[in-house]
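Below is one structure, written out as structure tokens; the observations come after it.
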Amino acid sequence: MSVTACATYSERTQLARDAAQTGDIAGTERVLNKFLKTRSSADLPTQWKKETIVALLERAMVLHAKGDWKLSARDLVAADKQLVLLDIGRDAGQVGKWIFSDSAGKYHAPPSEKLVLNALNMLNYLIGGDLSGARVEAKRFTITREYLGQLDAGAAAHGAFGSYIAGFVFERLGETDTALRYYDEALQEQPFPSLRAPIARLAARSGYRSPRIDELLGQAPASAAAPAQPPPVAADPSLSDSASAAAPAVARAAVPPAPLGEILVVMNVGRVPYKEPKRMPIGLAVGLGAAYITGSTAVLEHSALKFIIYPELVPSRALFNTGQLLVDGVEWPLELATNLDAEIVREYETLKPKIIGAAITRLIVRAAVAEGARAAGSQAKDGAGAIVGLLAALAAEGAMVAADKPDTRSWTLLPAFVFVARVPVTPGQHRLAVTAMGSGGREHRDILVDVKSGGFAVVDVTTLR
């Protein structure tokens, strides 16, 4: 049962998450289109209201999961243009007010959401073979990451996945130094053993170095500097001189092996935590948010309400948290590129005292208004003045409580865990078997991929479960 008079965003979108939990992507899409007041996912919203941006981000994730990369990219670009970045470093005094009470205002995306938006959109463009679009999205990612880094060095930790994908984009564009810089950013957050071979190949053509790249190059096997080639044929000592002289002619006539291709696999599983309205006793709340309270808490002694209502982060209870990849029957390791579940929890715990402080400040304002109403009512000439004052105070305070619902907006359909794998392959068709696993069992997909000589393919598997 809701603790607020009016439904919050998370309550109004519960049906979408319920459908995603069962694997009903089409059902999730229908719920969100109804929420956005669009006839289908082919349409963008015509009006941008307080929850439109977040719902559009949700739909973009659904379209990504169903393989509609172009529409997913369109929705992400449209939402990105509307977003206002939540500036934790410079506007800490306002953060709690935004998250708790300003649910009627514009949505402010936290760093975790903003950076993964650009990373997912790079992936959309890559899968569609649009390297130019992916380049533009990589630049947007860089601008946001650098801005966040100036405010808070820890904010860059959200960018490992985006840096990894951006490095892949520029590697395929042939921009070696830029690719190495992005890979170096990714290595700041994760070791990424899968980057050993690509970095070794790129470093052979570039002078760009860093302590992380130098360390990785020292670990890389000698064969990682170039795609694997068949071993040379050893000379047979039993051959005569004339036979040995003829051997080079045979070697020259041999057809050189075709350059290897590569498959980049990205697997998105689970869903991140989301916010629900919760109650907290006022005594506990004052202890948690004391540093961010504006006004005197003494007035709360006369308040009829002895609790605050605030947005608490709760687990999604998604089914999967890991996976398995087989390519042509051979298992390849999946590396955890980002743990969005943990990142979002860390962000929230940093903001929670400010959220609580803002909630108490609102409660103080309501209590002060109620005291004014009580005093005005008590001035009645007959003996009913005290009762009138009490009723007036309760009515005033109750009305303000009903109008002040917690802001539970967040991108609830983001994957909790993002895994990556890079697989060098010979030209031709290859069969991938991808399995999502967790407490909810398994979900299996077979995918046939065709890779050209020296080319690449990008495979994305997203479950939202």
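Placing pseudo-labels 7 Å out from each Cα toward the beta carbon at L173 and R346 gives an inter-label distance of 2.8 nm. Potential lengthening of the chain between K306 and V330 amounts to 2.6 nm, from the contour at 0.36 nm per residue minus the alpha-carbon distance. Using a probe of 1.4 Å on the protein chains alone, the accessible area found for D177 is around 70 Å². Tell me, what is the FRET efficiency for K34 and E146 to the nearest 0.05, using R0 = 45 angstrom and their Cβ-Cβ distance as r? Using R0 = 45 Å, I get an efficiency of 0.70. Dividing the mean sequence gap of close Cα pairs (under 8 Å, 6+ apart) by how many residues the range 2-69 holds gives a relative contact order of 26 percent.
Accessible area ranking (1.4 Å probe, heavy atoms, ligands and nucleic acids excluded), largest first, for D341, D18: D18, D341.
Simple spin-label estimate for A433 and I447 gives 1.6 nm between the two label positions (7 Å along the Cα-to-Cβ direction from each Cα). Legend: residues S453, S72, sorted from most to least accessible area (1.4 Å probe; ligands, DNA and RNA excluded), read S453, S72. Do the alpha carbons of any pairs in K81/K405; K49/K405; K114/K278; K306/K354 sit beyond 22 Å of each other, and which pairs? Pairs exceeding the cut-off: K81/K405; K114/K278. Under the rule a/c < 1.5 gives rounded, and otherwise a/b versus b/c splits prolate from oblate, where does the range 114-222 land using the Cα gyration tensor? Cα axes put the range 114-222 in the oblate bin. Model label points for L131 and T22, set 7 angstrom from Cα along the Cα-to-Cβ axis, are 4.4 nm apart. Evaluating 6.51 cos²θ - 1.76 cosθ + 1.60 at θ = phi - 60° for every residue in the range 123-138, the Karplus couplings come out as 5, 4, 5, 4, 4, x, x, 9, 5, 5, x, 5, 4, 4, 5, 5 Hz, glycine and proline recorded as x. Note on Q219 and K81: with the Förster distance fixed at 41 Å, the Cβ-Cβ geometry gives a FRET efficiency of about 0.45. F35 contributes about 40 Å² of solvent-accessible surface, heavy atoms of the protein only, 1.4 Å probe.
In the context of the full protein assembly, W48 retains an accessible surface of approximately 90 Å², using a probe radius of 1.4 Å and ignoring ligands and nucleic acids. Note on surface exposure: E349, E335 rank E349, E335 by accessible area, highest first, 1.4 Å probe. Working note: Karplus 6.51/-1.76/1.60 with θ = phi - 60° gives the range 190-203 the couplings 9, x, 6, x, 5, 8, 4, 5, x, 5, 4, 5, 5, 5 Hz, where Gly and Pro are set to x.
The values are calculated or read from the model by the stated rules, or taken from the named source; none is laboratory data. Please read these numbers as outputs of a predicted model, since none were measured by experiment. Here Cβ is always computed from backbone atoms with ideal geometry, including for glycine, and neighbour counts include all displayed protein chains. With ligands, DNA and RNA removed, areas are computed over all heavy atoms of the protein, side chains included. Shrake-Rupley method; radii C 1.70, N 1.55, O 1.52, S 1.80 Å.
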